[in-house]
Amino acid sequence: MPLTVVKYGTPVLRQKGARIEGITPTIKKLAADMLETMYAYKGVGLAAQQVGFAMQLTVIDVRGVTDRPSSLELKGQPADVSGFMPLVLINPEVKAVGQPATGPEGCLSFPEIYADITRPDVVDVKALNREGQPIEFRCGGLLSRVVQHEVDHLHGILFIDRMDKETKADLKDELELLMAETKAALKG
């Protein structure tokens, strides 16, 4: 069943996620529910904080995006991105290995708000998968951007924190309105 995606202004979005110490049936069910939620909202990534849980769990699936390519390497060899999706990352660690690249980003917790964000174009990722097995890969393009965006969420960092001052100033009214609507709904 799809979960509710929380909006900007909900305190859990600023919470650093707790490490997951064991892959329990509850964690597996949450990961499955998060995938269903991500697809229902037409997203490419979703962090546990976005559905109200401050823990180190994110789900990703970039298969539906055809205009922004992704690259993937497993053990130093090119691999098929589609065959690796959907991704469930538990306790992920990311290391930048590429050059800074600027590209568009949005966020399900910030409906209809988009901005260009600069991030490394290639990253190495270590995590556990949904079965608790270690996985390691290098990714580039959109997949790299999504991984970094979601891992930021797991540390309470939002994409607005990565915007340049001018972009954030341009979006100030929209961000303040979204924050006010969220706070009003939380008091509701």
Residue set Ala79, Ala47; condition closer than 12 Å to Val5 by Cα, in contact with a strand residue (DSSP E or B) (Cβ under 6 Å, 6 or more places away or on another chain) and at pLDDT 95 or above; output residue Ala47
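Which count do you get for residues in the range 107-157 that are surrounded by fewer than 16 Cβ atoms within 10 Å (Cβ to Cβ) and among the small types (Gly, Ala, Ser)? Don't jump to the end; show me each part of the working.
Kept after step one, since they are surrounded by fewer than 16 Cβ atoms within 10 Å (Cβ to Cβ), are these residues of the range 107-157: 111-112, 114, 116, 118, 126, 129, 131-134, 136, 155.
Right, trim to among the small types (Gly, Ala, Ser) and you get 132.
Of the residues in the range 107-157, 1 are surrounded by fewer than 16 Cβ atoms within 10 Å (Cβ to Cβ) and among the small types (Gly, Ala, Ser).
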Mind telling me which of the residues Ile157, Ile113, Ile117, Ile90 ends up being aliphatic (A, V, I, L, M) and without any contact (Cβ under 8 Å) to a residue 24 or more places away in the chain? Ile157
Quick test of your reading of the structure: Met1 fulfils all but one of (1) modelled with pLDDT under 95; (2) not in a loop (DSSP other than H, G, I, E, B). Name the failing condition by number. (2)
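Checking the condition hydrophobic (A, V, I, L, M, F, W, C), under 22 Å from Tyr114 (Cα atoms) and in contact with a Leu (Cβ under 8 Å, 6 or more places away or on another chain), which residue from Ile60, Ile90 passes? Break it down stepwise before answering.
Numbers: Ile90 fails: under 22 Å from Tyr114 (Cα atoms).
Exactly one of Ile60, Ile90 is hydrophobic (A, V, I, L, M, F, W, C), under 22 Å from Tyr114 (Cα atoms) and in contact with a Leu (Cβ under 8 Å, 6 or more places away or on another chain), namely Ile60.
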If you take the residues of the range 81-128 that are hydroxyl-bearing (Ser, Thr, Tyr) and either in a loop (DSSP other than H, G, I, E, B) or in contact with a Lys or Arg (Cβ under 7 Å, 6 or more places away or on another chain) (or both), which of them is nearest to Leu142 (Cα to Cα)? Ser82
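Looking only at the range 16-66, count how many residues are part of a loop (DSSP other than H, G, I, E, B) and touching a residue at least 24 places away in the same chain (Cβ under 8 Å).
Initially, the range 16-66 is screened for residues part of a loop (DSSP other than H, G, I, E, B), giving 16-17, 19-24, 41-44, 52-54, 56, 61-66.
Okay, now just the ones that are also touching a residue at least 24 places away in the same chain (Cβ under 8 Å), so 16-17, 19-20, 22-23, 41, 43-44, 52-54, 56, 61-62, 65.
Residues meeting the conditions: 16.
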Per-region count, the range 53-79, residues over 14 Å from Gly140 (Cβ atoms) and of a type in the set (D, E, K, R): 4
For the range 138-174, which positions are under 20 Å from Arg19 (Cβ atoms), β-branched (Val, Ile, Thr) and either outside any helix (DSSP H, G or I) or in contact with a helix residue (DSSP H, G or I) (Cβ under 8 Å, 6 or more places away or on another chain) (or both)? Ile157
So Pro104 passes all but one of these: (1) loosely packed, with under 15 Cβ neighbours inside 10 Å; (2) more than 28 Å from Val122 (Cβ to Cβ); (3) without any contact (Cβ under 8 Å) to a residue 40 or more places away in the chain. Which condition number does it fail? (2)
Leu186 fails exactly one of (1) in contact with a Ser or Thr (Cβ under 9 Å, 6 or more places away or on another chain); (2) surrounded by fewer than 18 Cβ atoms within 10 Å (Cβ to Cβ); (3) within 26 Å of Leu35 (Cα to Cα); (4) free of Cβ contacts under 8 Å to residues at least 60 places away in the same chain, namely (4)
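The values are calculated or read from the model by the stated rules, or taken from the named source; none is laboratory data. Every value quoted in this text rests on a predicted model; they were computed, and no experiment measured them. Every residue, glycine as well, gets a Cβ built from its backbone with ideal geometry; the counts of neighbours run over all protein chains shown.
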